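First comes the structure, then the notes that go with it.
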2 protein chains.
Amino acid sequence: MRIGELASRTGVSVRSLRYYEEQGLLASTRSASGQRHYTDDEVERVTFIQRLYAAGLSSRTIAEVLPCVDAPGEDNSDAALERMARERDRLSAHIADLVRTRDALDELMAANRAYRAELRASLAG
Amino acid sequence: MRIGELASRTGVSVRSLRYYEEQGLLASTRSASGQRHYTDDEVERVTFIQRLYAAGLSSRTIAEVLPCVDAPGEDNSDAALERMARERDRLSAHIADLVRTRDALDELMAANRAYRAELRASLAG
DNA sequence: CTTGCCTCTGACATCCATGTGAGCTTTTAG
DNA sequence: CTAAAAGCTCACATGGATGTCAGAGGCAAG
């Protein structure tokens, strides 16, 4: 498929797909006229890349991690696997932090609602 | 306390503290000479602001939400409470997404390790 | 062939929290 | 009193993913 279709299938802009290629995250074969062509597998790859971006990884870090997806168990993915483990832990810590923040928001909202209820009660009483 | 102390207590740069004030997230009283002074409460406030930044809120959004922290139950915090509820849900969805990503990383790492173990076994056998 | 849409490269623009530096004043320590 | 450290304002820089525009070429349908 060409880049436009990959874009619409993944919900990622054409601009971003070219950027991913520039960053070494995504490969494409070129037609004689120079147009990029992709296989169906790239759809999954792009959504995974998006997932990693959403998890706070930078292009550089994603590039370090991806070899371990491409070539599982290869020697040259040793570093990738290690990096992935590190990022996994970072992500886990981040999740824990976000959960604490969500809890704080829940408490704040509960406090507000309680305050309001009390206010209404005192007005009614 | 002055801005430097607030900075070192919260781990937030002096620059950022001034920025927070500019964005209406943080107030300070000024000494005769114009220096900012803060109470101990601001420490907690700043760390909460940082927490919200980490949760992906922008300054503008944080500013919309904070009134509900300052004046619980006031009429003018109606919108703030609603906004907070929306952000809370957004955050919750984001957390769920990150958990899925973490799971994906765990699976990938497990697959890699299995692949390696298999490789070693076949070499040994 | 032509019209319209897609793609190409390259470059500049944007957002936003934060860094950084200049030039000047205030505070604090010796 | 003096020098170092800290504060002030203003303004420009940065990074990183993405938007956008320009100019040119590719390709399918009428």
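The values are calculated or read from the model by the stated rules, or taken from the named source; none is laboratory data. Here the structure is a predicted model, which is why all the values come from computation and not from measurement. When we count neighbours, we look across all protein chains shown, and the Cβ atoms used for this are built from the backbone with ideal geometry, even at glycine. The protein model used for the area step is the full one, side chains on, heavy atoms only, and it has no ligands, DNA or RNA in it. Shrake-Rupley method; radii C 1.70, N 1.55, O 1.52, S 1.80 Å.
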Every residue from the range A:11-25 that is in a loop (DSSP other than H, G, I, E, B) and surrounded by 14 or more Cβ atoms within 10 Å (Cβ to Cβ) = A:Val12, A:Gln23, A:Leu25
ask   = Within the set of pairs 6+ apart or on separate chains, which have a first residue in the range A:14-38 that is touching a residue at least 60 places away in the same chain (Cβ under 8 Å), a second that is open to solvent by 90 Å² or more (accessible area, probe 1.4 Å), and C-beta atoms under 9 Å apart?
value = none
remark   = Exception for B:Leu17 within (1) more than 20 Å from B:Glu64 (Cα to Cα); (2) within 17 Å of the chain's Cα centre (by Cα); (3) aliphatic (A, V, I, L, M); (4) within 11 Å of DNA strand D (Cβ to nearest atom) falls at (1)
task = Take the range B:32-46 and flag every residue that is open to solvent by less than 60 Å² (accessible area, probe 1.4 Å) and more than 8 Å from DNA strand D (Cβ to nearest atom).
result = B:Tyr38, B:Glu42, B:Val43, B:Arg45, B:Val46
query = Got a sec? Which helices (runs of 4 or more DSSP H) wholly within the range A:26-125 have at least 2 residues that are at pLDDT 95 or above and on the phi < 0 side of the Ramachandran plot?
reply = A:41-54, A:59-65, A:78-124
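So for the range B:48-56 (the condition being aromatic (Phe, Trp, Tyr), in contact (Cβ under 8 Å) with a residue 12 or more places away in the chain and more than 13 Å from DNA strand D (Cβ to nearest atom)), does at least one residue qualify?
Yes.
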query = Here are A:Glu87, A:Glu74, A:Glu42: which of them is in contact with a Leu (Cβ under 8 Å, 6 or more places away or on another chain), free of Cβ contacts under 8 Å to residues at least 60 places away in the same chain and facing chain B (nearest Cβ under 10 Å)?
reply = A:Glu87
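Given the options B:Ala79, B:Ala63, name the one that is of a type in the set (Gly, Ala, Ser), more than 30 Å from A:Glu82 (Cβ to Cβ) and touching a residue at least 40 places away in the same chain (Cβ under 8 Å).
Step by step, each of B:Ala79, B:Ala63 is checked, and only B:Ala63 is of a type in the set (Gly, Ala, Ser), more than 30 Å from A:Glu82 (Cβ to Cβ) and touching a residue at least 40 places away in the same chain (Cβ under 8 Å).
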